[in-house]
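Below is one structure; the comments refer to it alone.
The values are calculated or read from the model by the stated rules, or taken from the named source; none is laboratory data. Please read all numbers here as calculations on a predicted model, not as lab measurements. A quick note on method: Cβ atoms are made from the backbone with ideal geometry, for glycine too, and the neighbour counts reach across all protein chains shown.
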Amino acid sequence: MSKGKYYITTAIAYTSGKPHIGNSYEIVLADSIARFKRKDGYDVFFQTGTDEHGQKIELKAQEAGVTPKEFVDKVAGTIKDLWNLMDTSYDHFIRTTDDYHEKQVQKIFKKLYDQGDIYKGSYEGMYCTPCESFWTESQLVDGKCPDCGREVKPAQEEAYFFKMSKYADKLIEHINTHPEFIQPVSRKNEMMNNFLLPGLQDLCVSRSSFKWGIPVDFDQKHVVYVWLDALTNYITGIGYDCDGNSSQQYHKLWPADLHLIGKDIIRFHTIYWPIFLMALGEPLPRQVFGHPWLLQGDGKMSKSKGNVIYADDLVNFFGVDAVRYFVLHEMPFENDGTISWELLVERINSDLANTLGNLVNRTISMSNKYFDGIVADKGCAEAVDDELKAVATGAYAKVAAKMDELRVADALTEIFTLFKRCNKYIDETEPWVLAKEEAKKDRLATVLYNLVESIVIGASLLEPYMPSTAKKIAGQLSTQLRSFDELGCFGKYPSGNKVTQKPEILFARLDAKEVVEKAEAMFAERKAAADTAGGAAEEAQDVIDIEPKEEITYELFDKMQFQVGEIIACEEVPKSKKLLCSQVRIGSQVKQIVSGIKQYYSAEEMVGKKVMVLVNLKPAKLAGVLSEGMLLCAEDAEGNLALVTPEKDMPAGAQIC
């Protein structure tokens, strides 16, 4: 009997390019939740898709010499191929260029305009093209976009605006009375304290400076701005109709049970989206979970460096399920996770090859060696069996409790606790010793039966996370994976069943050095191919031309004091996505300097660096923290930052002239 419906969505992937592994993590995370819920008795509908409009795509299409539609068709196909490669079980893949979506967005815009929620005006502010966002001067961090850290430029254009403040109090009340609405709690606090409580500004919901978007049908000069277009996919994709003729599917599925998104777009999903729904008279989603990021452990992924890791790269090296396991297991509930080739190899060797693969292999091998593959429960129990059985039969409840909190990494840990207990059970019972005495043959058979039964329970729990591996294990044990409601009792494996004669190695041990060398060769080949394809135009990317500022006199420059500083301590600034607070020793004094470089450097790796410091900059507060200078950085064409450091070791306080 069904436990009810469960509608889960991911953020729709932006079609400006191929998603790297950090972006692909989200679809695997959502898939594991969807698969778990299905197996747990829910009627699941899992939607994902692509966000295909905007100025950035219009510009990229121009650079590629194709139409925007041709550009997004190609990228959307690539994204869909990646999601399929990762064995994700989505039910619907929506594209914001789908006709039905575009028609509903136009209807929604007109309805909100007619009821007075949208009005026409003009916008003047600082514009970030990559984020397609306008910002006021006060919202900038170090004069740059607070979301991505890139340069912003002054812009002014006619636009339509949504009256956000009209619904702000209602949204605050909803958040306060629905503590589960925004998760983790830290994201909720950030939204309340940084955006809602200080007061919402009206939101720009149309653009007139570019054409690639859904036209405002009553004002053809305008196209619908990205968020009103993209966010509504969650309802248009399941049959919402603004005229009141929504489908049965919509009435069944809405409100969504879970919007799974990256923490960088939590504001749009917990403020703008709920307010749009309130204006439409529709229920709000039950929960929005802003998951952390998966960061590259040995530096920021960069196309210019040629070191961007894609999901298909990892699959070619390690296989689908190994990659699924890694990204799910290595992501904490709230903090960012780390990916590196060395860490991947370490996890595969320790968890997958040793703990799981070796357990299955030697259990099957012993069954074949001692009983010709026949697994039989002879009822020859001992006290040592009780703990194994308790861990096996109690595993589902522990895993389900973690999944209820969306603590997927912890759920996987609970499953591997069972596999580790099986390995400990082998050490405790020593089947190879039992095999030496004919009188203990029934005890040996019972031990092997207990192991097979426990492995089947573990594999059945593992299926949502590593579906192919779980099926392989069941196949080698000549049985079927079980439903969750069958996992509470021990002894369902048919006594007398025969396992496979030749167990397949599930995960081979890897050599980290060989893997890293192979990866470096792949990156070098990729960069060389890109350089060759680009020719002179690509070579030009090795230099950057920026808009020149007005000339200054030497006297003005001479007023600036630059010195070498040594960072002796560093920490993240609370409630800030971008800022690090460094204690910098300059000669005999220490200055506190706040910098918007958190996405390029961790606090730990900042400590000990010698850096170039503008010392006599007037102190200012950033995110409420006093900053007494500026660390100088270089920025490439993609907006990546690198600290400017002395070529040779220089003492802290050395003058830069």
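If we scan the stretch 373-394, do we find a residue that is within 23 Å of LEU481 (Cβ to Cβ), of a type outside the set (A, V, I, L, M), assigned by TED's automatic domain parsing to the domain that holds PHE490 and not in a helix (DSSP H, G or I)?
Checking the stretch 373-394: at least one residue is within 23 Å of LEU481 (Cβ to Cβ), of a type outside the set (A, V, I, L, M), assigned by TED's automatic domain parsing to the domain that holds PHE490 and not in a helix (DSSP H, G or I).
How many residues are touching a residue at least 60 places away in the same chain (Cβ under 8 Å), more than 21 Å from ILE8 (Cβ to Cβ) and crowded, with 17+ Cβ neighbours inside 10 Å when one looks only at the stretch 394-417?
Final tally of qualifying residues: 2.
If a residue has to be exposed (fewer than 14 other Cβ atoms within 10 Å of the Cβ) and among the hydrophobic types (A, V, I, L, M, F, W, C) to count, how many in the stretch 465-493 make the cut?
1
For the stretch 16-32, state whether one or more residues are assigned to a helix (DSSP H, G or I), charged (D, E, K, R) and in contact with a strand residue (DSSP E or B) (Cβ under 8 Å, 6 or more places away or on another chain). Outline the logic, then answer.
Filtering the stretch 16-32 for residues assigned to a helix (DSSP H, G or I) gives 21-32.
Filter once more, so that each one left must be charged (D, E, K, R): 26, 31.
Going one step further and asking which of them are in contact with a strand residue (DSSP E or B) (Cβ under 8 Å, 6 or more places away or on another chain), we end up with 26, 31.
Yes, the stretch 16-32 contains at least one residue that is assigned to a helix (DSSP H, G or I), charged (D, E, K, R) and in contact with a strand residue (DSSP E or B) (Cβ under 8 Å, 6 or more places away or on another chain).
Hey, could you check the stretch 457-497 for residues that are in a loop (DSSP other than H, G, I, E, B) and among the basic types (Lys, Arg) and say which is farthest from MET1 (Cα to Cα)? Steps first, please.
We begin by selecting, within the stretch 457-497, every residue in a loop (DSSP other than H, G, I, E, B); these are 463-466, 477-483, 487-496.
Within this subset, residues satisfying the condition of being among the basic types (Lys, Arg) are 482, 492.
On the way: ARG482: 16, LYS492: 21 Å.
The qualifying residue farthest from MET1 (Cα to Cα) is LYS492.
Taking the residues in the stretch 494-528 that are closer than 15 Å to ASN354 by Cα and of a type in the set (Asp, Glu) as candidates, determine which candidate is surrounded by the fewest Cβ atoms within 10 Å (Cβ to Cβ).
Once the filter is applied, the top-ranked residue is ASP511.
Which residues, taken from the stretch 158-184, are farther than 26 Å from TYR225 by Cα and part of a loop (DSSP other than H, G, I, E, B)?
HIS178, PRO179, GLU180, PRO184
For the stretch 425-438, which residues satisfy the criterion of being in contact with a helix residue (DSSP H, G or I) (Cβ under 8 Å, 6 or more places away or on another chain) and within 17 Å of SER454 (Cβ to Cβ)?
TYR425, ILE426, GLU428, THR429, PRO431 - these are the residues of the stretch 425-438 that are in contact with a helix residue (DSSP H, G or I) (Cβ under 8 Å, 6 or more places away or on another chain) and within 17 Å of SER454 (Cβ to Cβ).
Those residues that are farther than 14 Å from ALA230 by Cβ and either of a type in the set (Val, Ile, Thr) or in contact (Cβ under 8 Å) with a residue 60 or more places away in the chain (or both), I need them from the stretch 56-78; list them, please.
Of all residues in the stretch 56-78, those farther than 14 Å from ALA230 by Cβ come to 58-71, 73-75, 77-78.
GLU58, LEU59, ALA61, VAL66, THR67, PRO68, VAL75, THR78, listed by residue number.
Where residues in the stretch 181-195 are of a type in the set (A, V, I, L, M, F, W, C) and buried (at least 20 other Cβ atoms within 10 Å of the Cβ), which of them is nearest to VAL573 (Cα to Cα)? Full working, then the answer.
Looking only at the stretch 181-195, we keep the residues that are of a type in the set (A, V, I, L, M, F, W, C), and these are 181-182, 185, 191-192, 195.
From the residues that got through so far, the ones that are buried (at least 20 other Cβ atoms within 10 Å of the Cβ) too are 182, 191.
Details: ILE182: 22, MET191: 16 Å.
Selected residue: MET191.
Given TYR325, TYR370, which one is crowded, with 20+ Cβ neighbours inside 10 Å and at pLDDT 95 or above?
Details: TYR370 fails: crowded, with 20+ Cβ neighbours inside 10 Å.
Testing whether each residue is crowded, with 20+ Cβ neighbours inside 10 Å and at pLDDT 95 or above leaves just TYR325.
So which residues in the stretch 244-260 are out of contact with any strand residue (DSSP E or B) (no Cβ under 6 Å at 6 or more places or on another chain) and either under 30 Å from PRO198 (Cβ atoms) or of a type in the set (A, V, I, L, M, F, W, C) (or both)?
TRP254, PRO255
Got a sec? Which of ALA230, ALA168 is crowded, with 16+ Cβ neighbours inside 10 Å, out of contact with any strand residue (DSSP E or B) (no Cβ under 9 Å at 6 or more places or on another chain) and touching a residue at least 24 places away in the same chain (Cβ under 8 Å)?
Numbers: ALA230 fails: out of contact with any strand residue (DSSP E or B) (no Cβ under 9 Å at 6 or more places or on another chain).
Result: ALA168 is the single residue among ALA230, ALA168 that is crowded, with 16+ Cβ neighbours inside 10 Å, out of contact with any strand residue (DSSP E or B) (no Cβ under 9 Å at 6 or more places or on another chain) and touching a residue at least 24 places away in the same chain (Cβ under 8 Å).
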